[in-house]
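Working notes for the structure below.
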């Protein structure tokens, strides 16, 4: 039997990348490979699925063994893998440019810089580079990874079909009943996701188009300083009563936000994939997004892409989508067609085809 073991920074529940690690492990095992997950930190809920990376003692006698390192941030696990002699696969989930965090969280910027340095050493050694997007694969190739394959994050968005939280749904519907629209952004509060630019556009939208609109920024935070500044910015614009920073929410509430909002607005400066675009398309929620980094590739024709995020331009685009029934219906239909590119079964096939061609049969 051939072994393909994954090495990751953190294995945690309710985390998209960790869900991908688990799906990769399931796919490899189902195909006949032996596969364990080794992490710097394994959260208690997943202790049966992962081990501490220092528990790895090397290949079993006579067993061909490959290591697959998942790169998204600097980690001691990266140095551990670099010191090993086993052949390497590299799965790249993108590393946010450190300069986007430097002003807000120097320690995080340091981790990101470390991740970039590790990636520069890992890429030339990898026999195969897997990437969530062509955007990420291009980075790997530029760093000297000779073979790459695009395998989108394996996350089953049908989990959003569960029952939505009734209280959240009622609050969102009440905004509509008062004649206002619900703007939505889903993702960590982080400088690279530029929620402040969403707020700017929302301020213009309320002023020129819809004074009853509300904005819901759903997700945890990667930067306390940026979060605090965002709260201050919202207050300074007089939007404290209509911009809601929810923090992380349970799945049932997330379902309600997707189903009972009117538009997803994305103004991120850097995304290596942008999973909320897929979730919105699945929920039938129209998308207006700034065409930066991997966003155009992920969204395709499944939403309205803008080449600027100037606030009045974004506001006018949202107003057009929400007032033009035909355009909105076209975007929603295009989004549902676009979802086929991210089918979990198709991604699993891509993964096993790429790994099999490199590693060989189980």
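Read-outs: derived from the displayed coordinates by stated rules, not from any lab. Owing to the predicted nature of the structure, the values given are computational and were not obtained by experimental measurement. Here Cβ is always computed from backbone atoms with ideal geometry, including for glycine, and neighbour counts include all displayed protein chains.
Annotations for the structure displayed:
- Once the Cα-Cα distance is subtracted from the 0.36 nm per residue extended length, the residue 86 to residue 117 segment shows a gain of 9.1 nm.
- 0 to 90° range, to nearest 10: angle between helix 166-177 axis and the chain longest Cα axis: 40 degrees
- Inter-part distance, the range 100-123 to the range 232-286, computed on C-alpha centroids, equals 26 Å.
- Full extension of the chain between residue 138 and residue 173 gives 8.3 nm of extra length, using 0.36 nm per residue less the Cα-Cα distance.
- Averaging 1/r across all pairs of distinct Cα atoms in the range 180-287 and inverting the result yields a Kirkwood radius of 13.9 Å.
- Per residue, the Cα convex hull of the range 130-190 amounts to 135 Å³.
- Acute angle (nearest 10 degrees) that the helix 311-323 long axis makes with the longest principal axis of the chain, alpha-carbon atoms: 80 degrees
- Dimensions of the range 40-102 from C-alpha coordinates, computed as largest minus smallest value along each principal axis and given longest first, are 46, 29, 16 Å.
- Counting only alpha carbon atoms, the long axis of helix 106-125 and the longest principal axis of the chain meet at about 40°.
- Efficiency of FRET from Cβ geometry, residue 346 and residue 324, R₀ 25 Å, rounded to 0.05: 0.15
- Note: the range 157-342, Cα convex hull, 104 Å³ per residue.
- Rule-of-thumb Rg ratio for the chain [Cα; 2.2 N^0.38 Å; N residues]: 1.03
- Its alpha carbons considered, the range 68-118 gives a radius of gyration followed by a Dmax of 11.8, 39 Å.
- Think of it as helices only: each DSSP H run of n ≥ 4 in the chain is worth -39500 (n - 2.57), and spread over all residues that comes to -14000 deg cm²/dmol at 222 nm.
- Only Cα sites of the range 3-151 enter the Debye sum here, all with the same form factor; the resulting log10 I(q)/I(0) across q = 0.09, 0.12, 0.14, 0.17 1/Å is -0.26, -0.47, -0.65, -0.97, listed in q order.
- Contact order normalised by residue count of the chain, Cα under 8 Å, 6+ apart, percent: 15 percent
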